[in-house]
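So the structure is just underneath, and the comments pick up after that.
No lab work stands behind these numbers, since they all come straight from the coordinates. Since this is a predicted model, take the numbers as computed values, not measurements. Here the Cβ positions follow ideal geometry from the backbone for every residue, glycine too, while neighbour counts run over all protein chains shown.
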Amino acid sequence: MARGRLHTTTVRFDADTWAVIVAESERLGIAHAEYIRGAVLRHSGRATDADLGRRLEAVEARAEELAARVAVVARAVRRCVAAG
């Protein structure tokens with residue numbers, strides 16, 4: 001994708017489609033607009049290796065963040081169980 005100025009537009013989605021966009025972009029830890037741009041690029045076959053690499057890095061970072069949160073919760077649960 002060429003870097004530089006981005007075009008701003010309004011796109012309308014029904015409630016169910018918007019819910020999917022919100023859930024998936026939050027799951028991936030990316031902005032809704034980035035999720036939509038990625039979907040357009042993939043659908044049009046224009047996604048580059050660099051685009052996909054950046055997305056993979058974002059997903060990996062989000063996975064590491066979530067793993068750290070899970071570890072904190074797991075430690076808290078173990079302490080509660082041990083305290084009985």
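Counting beta carbons within 10 Å around each of 44, 25 and listing the fewest first gives the order 44, 25. Within the set (i) 1.52; (ii) 1.70; (iii) 1.33, the number that Cα Rg over 2.2 N^0.38 Å takes when calculated for this structure is listed as (i). Per residue of the chain, the DSSP helices (runs of n ≥ 4 H) give a summed -39500 (n - 2.57) that works out to -25500 deg cm²/dmol at 222 nm.
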